[in-house]
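Below is one structure; the comments refer to it alone.
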Amino acid sequence: MSAVLKSEVLDIRPIQENDIPSVLKIEQASYRFPWSERIFLDCVAAGYHCRVLLKEGDVAGYCIVAHAAEEVHILNICVGPEYRREGCARLLIKNEISIGAESGAKEIYLEVRVSNLGAIDLYKGLGFKNIGVRKDYYPTGSGREDAYVFRLLLEDFEHGFTSLNLYV
């Protein structure tokens, strides 16, 4: 299925093996300490929900999510530099919220660098609440950086978009 964002058709679907080079390119362009190809392949093999967002057939972003019992944990979400600030990350997160709600999850968790103000604003705008700090969670060039832990209680979230069925 698809959704329209900025007058363009976008698709969200499970990651396929031929998507991995594009995912790695986005990962390496976005992070000083990127995940390796092996980590992405292990996530797929472990059964994590691994999805890409396609814009005109090109991988614009991806989301790696673990589902366990009544919890969802967003492990990695990233949008290519040329597609940022267009609503792509919001769409990927809403898709995972929808999937989580449909699967009976009660809450969604994620970590974010304390310095990543854009992502923090996005998560807060979607209703996530800062519930704690993980000290020295992320590597930096000169040491470690803390992460905020965010949680979204699905019972507090309006699921009006769940009928979009953005994933295939």
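Here are a few things to note about the model shown:
- Here the condition is being touching an Asp or Glu at 6+ places or on another chain (Cβ under 7 Å), in contact (Cβ under 8 Å) with a residue 24 or more places away in the chain and over 21 Å from residue 66 (Cβ atoms); of 146, 136, it holds for 146 alone.
- Counted residues, the range 46-65 - those being of a type in the set (A, V, I, L, M, F, W, C) and not in a strand (DSSP E or B): 1
- Of the residues 60, 69, the single one that is of a type in the set (Gly, Ala, Ser) and at pLDDT 95 or above is 60.
- Every pair of residues 6+ apart whose Cβ atoms lie under 6 Å, when the first sits in the range 31-45 and is part of a loop (DSSP other than H, G, I, E, B) while the second is surrounded by fewer than 14 Cβ atoms within 10 Å (Cβ to Cβ): 33/139; 34/28
- Scanning the range 23-43 for residues that are surrounded by 13 or more Cβ atoms within 10 Å (Cβ to Cβ) and either closer than 20 Å to residue 93 by Cβ or aromatic (Phe, Trp, Tyr) (or both) returns 23, 26, 27, 30, 31, 35, 40, 43.
- Criterion applied to 101, 119, 89 was being under 21 Å from residue 12 (Cα atoms), touching a residue at least 12 places away in the same chain (Cβ under 8 Å), more than 14 Å from the chain's Cα centre (by Cα) and crowded, with 16+ Cβ neighbours inside 10 Å, and the one residue passing it is 101.
- Complete set of residues in the range 55-72 that are surrounded by 15 or more Cβ atoms within 10 Å (Cβ to Cβ), closer than 21 Å to residue 24 by Cα and of a type outside the set (Lys, Arg): 59, 60, 61, 62, 63, 64, 65, 66
The values are calculated or read from the model by the stated rules, or taken from the named source; none is laboratory data. As the structure is a computational prediction, the values presented were derived from the model and not from experiment. Don't worry about glycine lacking a Cβ; one is built from the backbone with ideal geometry, like all the others, and counts go over all protein chains shown.
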